[in-house]
Amino acid sequence: MINPLDKQYLSTKNFKSNTNYLMDGDIFISLNGGHKYLDAESEKKISYIVLDETDKYKGSAKNIKCTGLNKNFYLWLDEIFEIDHATFENFFVTGTNGKTTTNYFLSKILLDNGLNHGSIGTLGTHINDDFIFQNQLTTEEPTYIRSFFRDCSKRNIKKVLFEASSIGIDQKRLAGLPIKHAAYLNISRDHLDYHKTTENYLQSKLKLIEGEGLETLVYNYDQQEFKDIFTDSSAKNIFKISRKDIKADIFYKILNISEHGIVEFEVSTVWGKFQAKAPIISEFNVFNLLASLPYFVAIGGDVENFFDSVPNLMLPKGRLQKIKDKSIFIDYAHTPDAIEQACISVKKQSNNKLILVFGAGGDRDIGKRKLMGEIADKYADKIILTSDNPREEDPIEIIDMISEGILNKTKIVIEHERSKAISYAIKIMDNLSVILVCGKGHETTQTIGQNIQYFSDEEEIIKCIS
């Protein structure tokens, strides 16, 4: 079949399939009815809109109908951008929590060892340490990915690190990419507004490796769901990571966590025993680090060099980030499990009373809100409930749902305006207090109704303590 995207009038090859990324002169590919997201402003920007033959769209831009677009566009884009997937050695990490941290650690280790690479995830798109673009989706769409592959190929980069979200996998955004190396970190409640059930959520994660050719599978052996599923995996090489079972392929033990967040640990692997330390604050970050070790070895890295690089690591922005050397932390945690791990990590560093500031996203899984309240009640001495992207919901109703899980109501302070909630936390803290602000981490926006406002937890804190 002749590639219909390879036409003279499409010679710029500035293809986009996300309306939010459109620039003047771009060619919009309407994948699976994506034209419905075009507004009048977007139509002014684009030079053409490429539609599947089944699409019924009469926009003002120049329409190009393609037979079989939705079915064949992966192959057509690969041909146009001259992408040979067989030459890439990509890494895909999935799990409810820790995807960003795992790839961030791996990126720093690859750089430390002179291994060029790209990455796409929550913190944006990067080539090595260079920031390229702030993508809006954790797992990006096929057109975006292939455009990035083209840029990587021009720089002779053949390794790309992906955060594979359950929604991204379910929506086939990674379709057409060979999955050779994958890591499963954990599974806990998340995105049930989309998946409806925890079983659907898990099955979406598993779709990542349902194809053939999986060479490296790494998984959390302490997660019962993974243990039940991956025991009979057909992957060429399987690595079980555990902090409980000494017989695991990678078994680690925490030796010490200092008051400054230096974690010292010991690891027994199929390649030998190692000891290292790094300023990564928490025990679960040791697992996140080790999840990338088999991939590093698979692409030719030396295990000793991997551990030699560990002391140079630091946490990504917004992940248990300490603000201005004060006893104030911000974290991206927005699930019950993530909030619990963040609370445990902060309390391990200090015996001080914990002031916890958090909320829950609107128009999302309402079932997790009470669970988040229960976690807060378990660990925090003072709980300041506030807004975290309420979207179209009433912030007070969201806070009421969280409050249902908090038995000790005397702990609760309600301040739905997030800046005031942070200010109040700092006002009541003393030398025996530590503050943890959860939900946003690195993010710099707050969505209220349909309005997206600039907001940064870090900047608000600095403003209050300056």
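Given Ile132, Ile157, which one is at pLDDT 95 or above, more than 28 Å from Asn200 (Cα to Cα) and in a strand (DSSP E or B)?
Working: Ile157 fails: in a strand (DSSP E or B).
Result of the check over Ile132, Ile157: Ile132.
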Residue under evaluation Cys438, criteria (1) under 21 Å from Arg319 (Cα atoms); (2) open to solvent by 10 Å² or more (accessible area, probe 1.4 Å), criterion not met: (2)
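Residues are listed down the side, and each one gets a yes or a no for (1) touching a residue at least 40 places away in the same chain (Cβ under 8 Å); (2) under 17 Å from Lys13 (Cα atoms); (3) among the acidic types (Asp, Glu); (4) in a loop (DSSP other than H, G, I, E, B):
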{"position": "Lys44", "(1), (2), (3), (4)": "no, no, no, no"}
{"position": "Leu51", "(1), (2), (3), (4)": "no, yes, no, no"}
{"position": "Gly59", "(1), (2), (3), (4)": "no, no, no, yes"}
{"position": "Lys71", "(1), (2), (3), (4)": "no, no, no, no"}
{"position": "Trp76", "(1), (2), (3), (4)": "yes, yes, no, no"}
{"position": "Glu79", "(1), (2), (3), (4)": "yes, yes, yes, no"}
{"position": "Glu82", "(1), (2), (3), (4)": "yes, yes, yes, yes"}
{"position": "Val93", "(1), (2), (3), (4)": "yes, no, no, no"}
Over the stretch 350-367, the set of residues surrounded by 17 or more Cβ atoms within 10 Å (Cβ to Cβ) and not small (Gly, Ala, Ser) is Asn352, Leu354, Ile355, Leu356, Val357, Phe358, Arg364, Asp365
Checking Asn72 against (1) closer than 19 Å to Gln171 by Cβ; (2) out of contact with any Cys (no Cβ under 9 Å at 6 or more places or on another chain); (3) not charged (D, E, K, R), only one condition comes out false. Which one? (2)
I need the full set of residues from the stretch 165-191 which are under 22 Å from Asp26 (Cβ atoms) and either crowded, with 21+ Cβ neighbours inside 10 Å or without any contact (Cβ under 8 Å) to a residue 24 or more places away in the chain (or both), in order please. Gln171, Arg173
Can you tell me how many residues in the stretch 239-261 are touching a strand residue (DSSP E or B) at 6+ places or on another chain (Cβ under 6 Å), open to solvent by less than 60 Å² (accessible area, probe 1.4 Å) and either touching a residue at least 60 places away in the same chain (Cβ under 8 Å) or more than 14 Å from Leu290 (Cβ to Cβ) (or both)? 1
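If I filter the stretch 373-409 down to residues being part of a loop (DSSP other than H, G, I, E, B) and more than 21 Å from Asp363 (Cβ to Cβ), which single residue comes out as most open to solvent (accessible area, probe 1.4 Å)? Quick ask: steps written out before the conclusion?
Initial filter on the stretch 373-409 (part of a loop (DSSP other than H, G, I, E, B)): 380-381, 386-390, 392-394, 404-408.
Filter again for more than 21 Å from Asp363 (Cβ to Cβ), leaving 380-381, 406-408.
Values: Ala380: 3, Asp381: 76, Ile406: 1, Leu407: 152, Asn408: 63 Å².
Top of the filtered list is Leu407.
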Quick check on the stretch 206-214. Is at least one of its residues within 21 Å of the chain's Cα centre (by Cα), open to solvent by 70 Å² or more (accessible area, probe 1.4 Å) and modelled with pLDDT of 95 or more? yes
Filtered residues of the stretch 71-93 (kept if among the acidic types (Asp, Glu) and over 24 Å from Leu206 (Cα atoms)): Asp78, Glu79, Glu82, Asp84
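Which of the following residues is aliphatic (A, V, I, L, M) and modelled with pLDDT under 95: Leu115, Leu106, Leu69? Talk me through it step by step, then tell me what you get.
Numbers: Leu115 fails: modelled with pLDDT under 95; Leu106 fails: modelled with pLDDT under 95.
Sole residue among the options that is aliphatic (A, V, I, L, M) and modelled with pLDDT under 95: Leu69.
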Restricting the search to the stretch 11-31, which residues are without any contact (Cβ under 8 Å) to a residue 60 or more places away in the chain, out of contact with any strand residue (DSSP E or B) (no Cβ under 8 Å at 6 or more places or on another chain) and surrounded by 11 or more Cβ atoms within 10 Å (Cβ to Cβ)? Gly25
Of the numbered conditions (1) within 17 Å of Thr96 (Cβ to Cβ); (2) among the basic types (Lys, Arg); (3) at pLDDT below 95, Lys172 fails exactly one; give the number of that condition. (1)
Could you tell me whether Glu415 is among the acidic types (Asp, Glu), more than 20 Å from Ser350 (Cβ to Cβ) and in contact (Cβ under 8 Å) with a residue 24 or more places away in the chain? yes
Here is a check on your reading of the model: is Ile412 modelled with pLDDT of 95 or more and open to solvent by less than 30 Å² (accessible area, probe 1.4 Å)? no
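In this structure, is Phe162 in contact (Cβ under 8 Å) with a residue 24 or more places away in the chain and under 11 Å from the mean Cα position of the chain (by Cα)? Write out each step before concluding.
Values: in contact (Cβ under 8 Å) with a residue 24 or more places away in the chain: yes; under 11 Å from the mean Cα position of the chain (by Cα): yes.
The answer is yes for Phe162.
Conditions (1) aliphatic (A, V, I, L, M); (2) closer than 15 Å to Gly95 by Cβ; (3) not in a helix (DSSP H, G or I), marked per residue:
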residue	(1), (2), (3)
Asn288	no, yes, no
Val297	yes, no, no
Gly301	no, no, yes
Asn305	no, no, no
Val310	yes, no, no
Lys317	no, no, yes
Lys326	no, no, yes
His334	no, yes, yes
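Of everything in the stretch 240-266, what is part of a loop (DSSP other than H, G, I, E, B) and closer than 17 Å to Val303 by Cβ? Give them in sequence order.
The first filter runs over the stretch 240-266 and keeps only residues part of a loop (DSSP other than H, G, I, E, B), leaving 243-249, 258-262.
Scanning the stretch 240-266 gives Ala248, Asp249.
The values are calculated or read from the model by the stated rules, or taken from the named source; none is laboratory data. Computed from a predicted structure; not experimentally measured. Don't worry about glycine lacking a Cβ; one is built from the backbone with ideal geometry, like all the others, and counts go over all protein chains shown. Quick note on the areas: whole protein, heavy atoms, side chains included, nothing else; ligands and nucleic acids left out. Shrake-Rupley method; radii C 1.70, N 1.55, O 1.52, S 1.80 Å.
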